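What follows is one structure encoded as structure tokens, with my remarks underneath.
Only the coordinates and a few stated rules stand behind these numbers; no lab work does. What you see is a predicted model; the values in this text were computed from it and never measured. For neighbour counting, all protein chains shown are included, and Cβ atoms are generated from backbone atoms with ideal geometry for every residue, glycine included.
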Amino acid sequence: GQQLNQSPQSMFIQEGEDVSMNCTSSSIFNTWLWYKQDPGEGPVLLIALYKAGELTSNGRLTAQFGITRKDSFLNISASIPSDVGIYFCAGGYSGGGADGLTFGKGTHLIIQP
Amino acid sequence: DGGITQSPKYLFRKEGQNVTLSCEQNLNHDAMYWYRQDPGQGLRLIYYSQIVNDFQKGDIAEGYSVSREKKESFPLTVTSAQKNPTAFYLCASSLFGRYSNQPQHFGDGTRLSIL
């Protein structure tokens, strides 16, 4: 199946820094989702985006649905230790005839003391 | 509380043995999915089911089998034909079928290892 290009693969940051990550695709989507996975747990939905250009926040997290519908961005402000984990993007298309959610390979966020 | 329950949390398989991973949801979701996660590989789709008594192969179905006799349940069997079964297995569900943009909700996973 199709894969999204998610970058960076991993990030090593200091506590308090801001974080940016993104996903790009060769295909358009009409839904972008961002998940976080803690070690040994299942992914948890953070933010869902349903409209091109949409900017949505969830606490210190902000995600944007790119206007080309081929990309999405996730920003985390003022990182804290519990932000450590793997962040996945997922694209979805409800137009029929296409596969459902397509997942990126994840961005591994590591916070250095 | 509504959610997805996977069991067991840890499972060990002997050579030549079939093992079954349980997945139950009480979200009244139509669609259910099984993913395999290996380090650095992201999520790979094994099987999915849009409705009861129907399921479709995903990208890596060889060596696995599923059933969907009840809306709430979607067990995955890892057969002896799967030569490299060691991985983290995730079950998910969504309100509608796979040909949609509905968010998927995940269980907490089962870690399978070979003895």
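When Rg and the Kirkwood Rh are both derived from Cα coordinates, the Rg/Rh ratio for the protein assembly as shown amounts to 0.97. GNM on chain A, alpha-carbon springs under 10 angstrom: the most fluctuating residue among A:G40, A:G85, A:G16 is A:G40.
Each label was represented as a point 7 Å from its Cα along the Cα-to-Cβ direction; for A:L45 and B:E62 these points are 3.4 nm apart. Modelled label positions at A:F12 and B:T77, each set 7 Å beyond Cα in the direction of Cβ, lie 4.7 nm from each other.
Taken along its three principal axes, the alpha carbon spread of chain B comes to 37, 30, 28 Å, from the longest extent down to the shortest.
When only the Cβ of Lys, Arg, Asp and Glu is charged (+1, +1, -1, -1), the dipole of segment B:15-115 relative to its Cα centre reaches about 100 debye.
With distances taken between every two different alpha-carbon atoms, chain A has a Kirkwood hydrodynamic radius of 14.1 Å.
Taking each of A:K70/B:K9; B:K57/B:K83; A:K36/A:K70; B:K9/B:K70 in turn, the alpha-carbon distance tops 30 angstrom for A:K70/B:K9.
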